[in-house]
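To start, the structure under review is shown below, and the notes come after it.
The values are calculated or read from the model by the stated rules, or taken from the named source; none is laboratory data. What you see is a predicted model; the values in this text were computed from it and never measured. Using ideal geometry, Cβ is built from the backbone for each residue, glycine included, and neighbour counts are taken over all protein chains shown. Protein only, heavy atoms only, side chains kept; ligands, DNA and RNA dropped before computing areas. Shrake-Rupley method; radii C 1.70, N 1.55, O 1.52, S 1.80 Å.
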Amino acid sequence: MLLDDCVEKRHSTRSFLKKPIPRSVLERALTLAKNAPSSSNIQPWRLIIVEGAARDRLAASLCTAATQGGPFVPPIPAAFQHYRSNYGKGLYGDVLGISRNDHVRLQAAQLRNYNFFDAPTEIIVAMHKDLAIADALSVGMYLQTLLLGLAQEGIASCCQVAVAGYPEILRRELDVPDHLEIICGVAVGYEDADSEINSYRAQKEEFTAVTRFISI
Ligand SMILES: Cc1cc2nc3c(=O)[nH]c(=O)nc-3n(C[C@H](O)[C@H](O)[C@H](O)COP(=O)(O)O)c2cc1C
């Protein structure tokens with residue numbers, strides 16, 4: 001697949017088939033992703049790949065926690081809030097037909113994060129806690145390379161900051177050492193092409209809205 005095709009094909013998938021991913025396919029994408037750049041080549045990304053019984057145990061613990069109290073979601077500056085509300089309206093309102101005031105259905109849709117949208121594999125992405133913002137950027141570059149490598153293999157994905165909202169559960173279940181800061185999860189698997197939620201495509205700004213050229 002050409003790079004353009006991989007970039008355009010990748011989108012956040014929120015309903016997966018339960019079909020497991022062959023280890024060889026995951027390993028090919030991981031091998032490709034190691035080529036990502038990083039500040040001083042420190043390669044700060046750390047991954048824990050959770051499958052099988054471990055994945056089911058983690059999902060069960062997260063689902064229990066999430067039904068008892070929401071995760072901590074950091075507030076975003078006012079200038080960005082309209083993006084979050086457009087996204088929520090598009091995904092939950094327009095595609096799933098859930099009204100803003102239907103808190104029961106909204107919560108049920110959001111809780112699907114904690115069963116990883118049925119994905120057979122959840123990747124936990126972490127970085128040493130003493131590293132800086134440029135190193136988090138390196139982790140992001142790695143992650144996009146990985147997601148494109150997976151897309152090339154026909155594997156869908158969805159990054160999940162929601163999962164990082166319960167760090168104590170991830171630490172306990174997966175034995176994550178204290179020096180690692182958990183950044184996000186990523187649900188990975190084969191897309192359920194018949195699921196309505198996967199028809200959602202997020203709106204993106206043209207580069208002209210976020211870029212300035214200075215030439216003289
Ligand atoms: C770091 C990060 C965290 C995200 N966390 C979540 C999440 O918790 N749940 C979710 O449904 N989508 C999550 N997403 C997906 C975004 O909503 C999605 O990337 C955005 O709406 C753009 O859509 P696209 O990925 O289809 O291009 C996350 C994406 C990123 C990059």
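Brief remarks follow.
- As a summary of the residue check, ARG112 satisfies the conditions (1) of a type in the set (D, E, K, R); (2) away from the ligand (no atom under 12 Å from the Cβ); (3) surrounded by 13 or more Cβ atoms within 10 Å (Cβ to Cβ) except for the one numbered (2).
- Extreme residue, nearest to the chain's Cα centre (by Cα), among residues of region 151-164 that are more than 13 Å from the ligand (Cβ to nearest atom) and not small (Gly, Ala, Ser): ILE155
- Being open to solvent by less than 80 Å² (accessible area, probe 1.4 Å) and touching a helix residue (DSSP H, G or I) at 6+ places or on another chain (Cβ under 6 Å) holds for only one residue in ALA79, ALA36, ALA60, and it is ALA36.
- Scanning region 119-134 for residues that are crowded, with 17+ Cβ neighbours inside 10 Å and over 16 Å from ALA33 (Cβ atoms), we see that the one that is farthest from the chain's Cα centre (by Cα) is PRO120.
- Pick from region 39-52, criterion assigned to a loop (DSSP other than H, G, I, E, B) and in contact with a helix residue (DSSP H, G or I) (Cβ under 6 Å, 6 or more places away or on another chain), ranking: surrounded by the most Cβ atoms within 10 Å (Cβ to Cβ): TRP45
Matching residues to (1) touching a strand residue (DSSP E or B) at 6+ places or on another chain (Cβ under 7 Å); (2) under 23 Å from GLN107 (Cα atoms):
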| residue | (1), (2) |
| --- | --- |
| VAL125 | yes, no |
| HIS128 | yes, no |
| THR145 | no, no |
| LEU150 | yes, no |
| GLU153 | no, no |
| GLY165 | no, yes |
| GLU168 | no, yes |
| ARG172 | no, no |
| PRO177 | no, no |
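- Qualifying residues in region 172-216 (those that are more than 25 Å from LEU26 (Cβ to Cβ) and within 13 Å of the ligand (Cβ to nearest atom)) - the one least open to solvent (accessible area, probe 1.4 Å): TYR200
- When ARG100, ARG55, ARG84 are checked against the criterion of being surrounded by fewer than 17 Cβ atoms within 10 Å (Cβ to Cβ) and within 16 Å of the chain's Cα centre (by Cα), a single residue qualifies: ARG84.
- Residue in region 137-144 that is open to solvent by 40 Å² or more (accessible area, probe 1.4 Å), more than 25 Å from GLY88 (Cβ to Cβ) and assigned to a loop (DSSP other than H, G, I, E, B) present: no
- All positions within region 13-29 that are open to solvent by 60 Å² or more (accessible area, probe 1.4 Å) and either among the aromatic types (Phe, Trp, Tyr) or in contact (Cβ under 8 Å) with a residue 60 or more places away in the chain (or both): LEU17, LYS18, LYS19, PRO20, ARG28
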